[in-house]
1. Could you tell me which numbered condition B:Ala34 fails, if it satisfies all but one of (1) among the aliphatic types (A, V, I, L, M); (2) more than 10 Å from chain A (Cβ to nearest Cβ); (3) surrounded by fewer than 24 Cβ atoms within 10 Å (Cβ to Cβ); (4) in contact (Cβ under 8 Å) with a residue 24 or more places away in the chain?
2. Of the numbered conditions (1) buried (at least 18 other Cβ atoms within 10 Å of the Cβ); (2) out of contact with any Asp or Glu (no Cβ under 9 Å at 6 or more places or on another chain); (3) outside any helix (DSSP H, G or I), A:Ala253 fails exactly one; give the number of that condition.
3. Report every pair of residues separated by at least 6 positions or lying on different chains whose Cβ atoms are under 6 Å apart, first residue within region A:26-48 and of a type in the set (S, T, N, Q), second in a helix (DSSP H, G or I) and buried (at least 17 other Cβ atoms within 10 Å of the Cβ).
4. Which helices (runs of 4 or more DSSP H) sit wholly inside region B:1-110 and have at least 1 residues that are among the small types (Gly, Ala, Ser)?
5. Which one of A:Ser72, A:Ser68, A:Ser17 is of a type in the set (S, T, N, Q), in contact with a helix residue (DSSP H, G or I) (Cβ under 6 Å, 6 or more places away or on another chain) and either within 26 Å of B:Gln146 (Cα to Cα) or part of a helix (DSSP H, G or I) (or both)?
6. Given the options A:Gly86, A:Gly170, A:Gly61, name the one that is over 14 Å from the mean Cα position of the chain (by Cα), part of a helix (DSSP H, G or I) and among the small types (Gly, Ala, Ser).
7. Any residue in region B:168-184 that is over 15 Å from B:Val205 (Cβ atoms) sitting within a Cβ distance under 6 Å of a residue that is hydrophobic (A, V, I, L, M, F, W, C)? List the pairs, counting only those 6 or more apart or interchain.
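Readers should treat all values here as calculations from the given coordinates under stated rules, not as data from a laboratory. Note that the structure is a prediction, hence the values are computed from the model and not measured. Heads up, the Cβs are rebuilt from the backbone with ideal geometry, glycines too, and the neighbour counts pull from every protein chain shown.
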Amino acid sequence: MAEIETAIGNKVPSSLSQVGIITKYTLLDYVRSRRFYVLLIITLLISALLTILVGYYRPAGFLLSDLSFYSSWWGNSVTFVIVLSGIFFGGDAISGEFQNKTGYFNIPNPIRRSSIYVGKWIAALIASSVTLGIFTLITIGNGLFYFSGIPYQFGESLLFALFYLVAVLGFTFFFSSLFKSSSMSILVTAILFLFVFTLIQQLVAALVQIEPWFILTYGAQIIGNVLAVPYPPPVSTSSFGPPGGPTFTAYNATIPEGLAIIGVYFIITAIIGLVLFERKEFT
Amino acid sequence: MASSNVPSIEAVKLTKQFGSFTAVSELSLKIEGAKCVGFLGPNGAGKTTTLKMFTDLIRPSAGEALINGVNAHTNKKKALESVGTLIEMPEIYPSLTPREALMMIAEIRGVPVGSRKKRIEDVVSEVRMEEWLDKRVGKFSKGMKQRICVASALLSDPCVLLLDEPTTGLDPRGMSEVREIIKSLKNKKRLIFMSSHLLSEVSDVCDEVAMIDHGKLIVYDKLPNVIAKFSKGANIVEVGLRSPIDATAFRTIKSIQSVIEVNTTDNSRLQIRFSGGIETQERILAEIVNMKIGVISYRPSDSELESVYLNLITETL
């Protein structure tokens, strides 16, 4: 039997290094993709629209104080920017490997699937953070135009927003692992974040009158609420009409509660998503 | 490069079921050493499924897929350390250039930093894609992408190559070039396991064949032996000559022991039908070469492999 010469000098890197390699090249693919620029344009459009509206109409709600400015500007729109980033970069991150067949290029190599999953997740986080960073800079720029300082609560809100972004990407990657079709995973994620979560949250609070602690978007309320002084009470009830008439109960996640919801969502969806990807077959 | 163990791939009662459908059924096959093995079978026979189990693209339902003795599913990273693969027609991230995509694979496979750039340029040159090295893959045709994927399989100079219909999507020139690459790998003492629908390709490139049908291995042996065993008693080899031979030489060839029949159209390409296996084939070649009549090629006839294939595999999906 013939002795075979094998390539020496090749030393397969550690799984951690391979995560870095996947991150680097996925990020390169992202920043050159059309979707990255579409997302940037949407973010810039939202920012431009807010800049023009506030500059032209000078709404009292925005200009009452620095906190009210950040609350109205940032608190109402940053979650939308985050969800959009999650959908753009996470929606088909894993399903695309199956549908577009890029997985056939990456996976039959000496690399764990978990390294590919984590590498792509980090790349999506970095790409999304760039978008979030641009939105943050424009927000601060406008804030400094109207007020002299940046309230410390905005720093807290920014940290919560980043944490929420982490969870949103965990969730979108989970859905991306669930499907083999890119369009299906993007569509389901978009519908869930843009409509279903908000709808369930409102229905549960208003009709069943229980705290919707199991909804991710409920936990994300802390991003806007931390900019309110005083912080909104956990439960508040308002009555309509004459005494004894219908009441409306509103729930607000406390900061520890919100952080716990976001954290648990991230951990659970990240683990399930990873397990799904490890087990999914390229049939 | 240094001497190392003999590379091998082994399927041990390898089984894959998709619901009630058994794609691969208790496939046991061990291939060792420097050779090219053709993996033949009709559509749906289980060829690609088998190759996917060797590359952990799918999990076996039972049994093991071993590469160099290492389980490709439970210890994929170790098993695929020195394996180049081309399964189906992979896509590459469209925004990357071939240089970047191959650099990613080189980094993943741990090709030494100092030799990465040259290695990439070498393999890209081998598949004749030098001028496209820095263009984005998104604009490439299927054939061009397939060439880059062939380059990717060769990139780390692996000792085992698992190729699933490697010439699919290529133009005739590309097919010929890939076949030449595979032949050159045989000279470099690599183990190549390739599935193909093209029997001419298999008889041109491969030393051995494994045939599979309905997920079961039908035969695995050296190509001439398979032909001898299953071609109803006779083998055919095709001999190419530099120039036409005269009637005396023709009669001498006909008189060689075990030769049943010699046919020719222009006296420079002979079809020799003989009885016996690979040893007989070797002896006949030696005798013809000794005649010093300018032998330039000697290979099993394509039509013979086709006839064996059709004898063994009676139904296709």
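1. (2)
2. (2)
3. A:Thr26/A:Lys120; A:Thr26/A:Ala123; A:Thr43/A:Val81; A:Thr43/A:Thr131; A:Thr43/A:Phe135; A:Ser47/A:Ile138
4. B:76-79, B:98-109
5. Checking each option against the conditions leaves just A:Ser72.
6. A:Gly61
7. Close Cβ pairs (under 6 Å, with a partner that is hydrophobic (A, V, I, L, M, F, W, C)) amount to B:Gly169/B:Met89.
Residues are listed down the side, and each one gets a yes or a no for (1) within 14 Å of another protein chain (Cβ to nearest Cβ); (2) over 30 Å from B:Cys149 (Cα atoms); (3) more than 20 Å from the chain's Cα centre (by Cα); (4) crowded, with 16+ Cβ neighbours inside 10 Å:
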site	(1), (2), (3), (4)
A:Glu97	yes, no, yes, yes
A:Asn100	yes, no, yes, yes
A:Asn106	yes, no, yes, yes
A:Gly119	yes, no, no, yes
A:Leu125	no, no, no, yes
A:Ile134	no, yes, no, yes
A:Thr139	no, yes, no, yes
A:Gly143	no, yes, yes, yes
A:Ile150	no, yes, yes, no
